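Participant: Submitted below is the structure of interest, expressed as C-alpha coordinates.
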Amino acid sequence: MAQPWNREQLVQRAATFRVSWWFAKPVALSPLQCARFGWINCGPDLLRCECCEQRLCFQINPLLKADGRKLPLLLQLLESLVISISS
(Lines give C-alpha, C1' and ligand atoms only; values in the text may rest on other atoms or scores of the structure.)
Protein backbone atom coordinates (compact mmCIF):
# COMPACT_ATOMS: atom_id res chain seq x y z
CA MET A 1 0.00 0.00 0.00
CA ALA A 2 1.29 3.43 -0.92
CA GLN A 3 2.21 5.71 1.96
CA PRO A 4 2.95 9.29 0.80
CA TRP A 5 4.55 10.10 4.17
CA ASN A 6 7.01 7.18 4.02
CA ARG A 7 10.53 8.48 3.27
CA GLU A 8 11.71 5.33 1.48
CA GLN A 9 8.66 5.38 -0.80
CA LEU A 10 9.20 9.12 -1.38
CA VAL A 11 12.71 8.42 -2.67
CA GLN A 12 11.39 5.61 -4.88
CA ARG A 13 8.68 7.89 -6.33
CA ALA A 14 11.17 10.71 -6.95
CA ALA A 15 13.42 8.27 -8.81
CA THR A 16 10.65 7.66 -11.39
CA PHE A 17 11.03 11.18 -12.79
CA ARG A 18 13.10 11.36 -15.97
CA VAL A 19 14.36 14.56 -17.52
CA SER A 20 13.05 13.45 -20.91
CA TRP A 21 9.55 12.89 -19.48
CA TRP A 22 9.25 15.74 -16.94
CA PHE A 23 11.00 18.72 -18.51
CA ALA A 24 10.62 22.48 -17.99
CA LYS A 25 7.99 22.33 -15.27
CA PRO A 26 7.54 25.09 -12.66
CA VAL A 27 9.37 24.67 -9.36
CA ALA A 28 6.03 23.93 -7.69
CA LEU A 29 5.87 20.81 -9.87
CA SER A 30 9.40 19.62 -9.24
CA PRO A 31 9.89 15.85 -9.04
CA LEU A 32 10.41 16.04 -5.29
CA GLN A 33 7.30 18.17 -4.76
CA CYS A 34 5.14 15.81 -6.84
CA ALA A 35 6.61 12.73 -5.14
CA ARG A 36 5.86 14.32 -1.76
CA PHE A 37 2.16 14.09 -2.54
CA GLY A 38 2.27 10.51 -3.81
CA TRP A 39 2.76 11.07 -7.55
CA ILE A 40 5.06 9.06 -9.79
CA ASN A 41 6.13 9.95 -13.34
CA CYS A 42 4.75 7.19 -15.57
CA GLY A 43 5.20 8.76 -19.00
CA PRO A 44 5.93 12.01 -20.84
CA ASP A 45 4.07 14.78 -18.96
CA LEU A 46 2.10 12.09 -17.12
CA LEU A 47 1.71 11.56 -13.38
CA ARG A 48 0.02 8.71 -11.54
CA CYS A 49 -1.09 8.79 -7.92
CA GLU A 50 0.19 5.77 -6.04
CA CYS A 51 -2.72 5.92 -3.57
CA CYS A 52 -5.74 6.10 -5.87
CA GLU A 53 -4.17 5.23 -9.27
CA GLN A 54 -5.57 8.41 -10.87
CA ARG A 55 -3.56 9.82 -13.77
CA LEU A 56 -2.86 13.43 -14.56
CA CYS A 57 -1.53 14.66 -17.89
CA PHE A 58 0.33 17.89 -17.27
CA GLN A 59 1.48 19.67 -20.39
CA ILE A 60 2.58 23.27 -19.98
CA ASN A 61 0.78 25.57 -22.38
CA PRO A 62 3.35 27.07 -24.75
CA LEU A 63 1.58 30.42 -24.28
CA LEU A 64 2.77 30.53 -20.66
CA LYS A 65 5.05 33.53 -20.52
CA ALA A 66 8.62 33.05 -19.36
CA ASP A 67 8.15 35.92 -16.91
CA GLY A 68 5.55 33.82 -15.09
CA ARG A 69 2.51 36.09 -15.57
CA LYS A 70 0.23 33.06 -15.76
CA LEU A 71 2.12 31.12 -13.09
CA PRO A 72 -0.13 32.22 -10.15
CA LEU A 73 -3.13 30.60 -11.86
CA LEU A 74 -1.11 27.44 -12.43
CA LEU A 75 -0.06 27.35 -8.78
CA GLN A 76 -3.66 27.90 -7.67
CA LEU A 77 -4.77 24.93 -9.78
CA LEU A 78 -1.97 22.80 -8.35
CA GLU A 79 -2.96 23.75 -4.79
CA SER A 80 -6.58 22.79 -5.55
CA LEU A 81 -5.39 19.44 -6.88
CA VAL A 82 -3.31 18.77 -3.77
CA ILE A 83 -6.22 19.69 -1.49
CA SER A 84 -8.64 17.44 -3.40
CA ILE A 85 -6.23 14.53 -3.23
CA SER A 86 -5.58 14.89 0.47
CA SER A 87 -9.32 15.08 1.26
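Participant: Restricting attention to the stretch 23-58, report how many residues are part of a loop (DSSP other than H, G, I, E, B) and within 21 Å of Q76 (Cβ to Cβ).
Facilitator: Residues in the stretch 23-58 being part of a loop (DSSP other than H, G, I, E, B) and within 21 Å of Q76 (Cβ to Cβ): 9 in total.
Participant: Can we say P26 is modelled with pLDDT under 90 and in contact with a Phe, Trp or Tyr (Cβ under 9 Å, 6 or more places away or on another chain)?
Facilitator: No, not satisfied.
Participant: Which residue is surrounded by the fewest Cβ atoms within 10 Å (Cβ to Cβ), if the candidates are limited to the stretch 27-54 and must be over 16 Å from R7 (Cβ atoms) and not hydrophobic (A, V, I, L, M, F, W, C)?
Facilitator: For the stretch 27-54, the residue satisfying everything is E53.
Participant: Tell me, which residue of the stretch 11-20 that is in a helix (DSSP H, G or I) and more than 13 Å from the chain's Cα centre (by Cα) is surrounded by the most Cβ atoms within 10 Å (Cβ to Cβ)?
Facilitator: The residue in question is Q12.
The values are calculated or read from the model by the stated rules, or taken from the named source; none is laboratory data. Computed from a predicted structure; not experimentally measured. With ideal geometry, Cβ positions are generated from the backbone for all residues, glycine too; neighbour counts draw on all protein chains shown.
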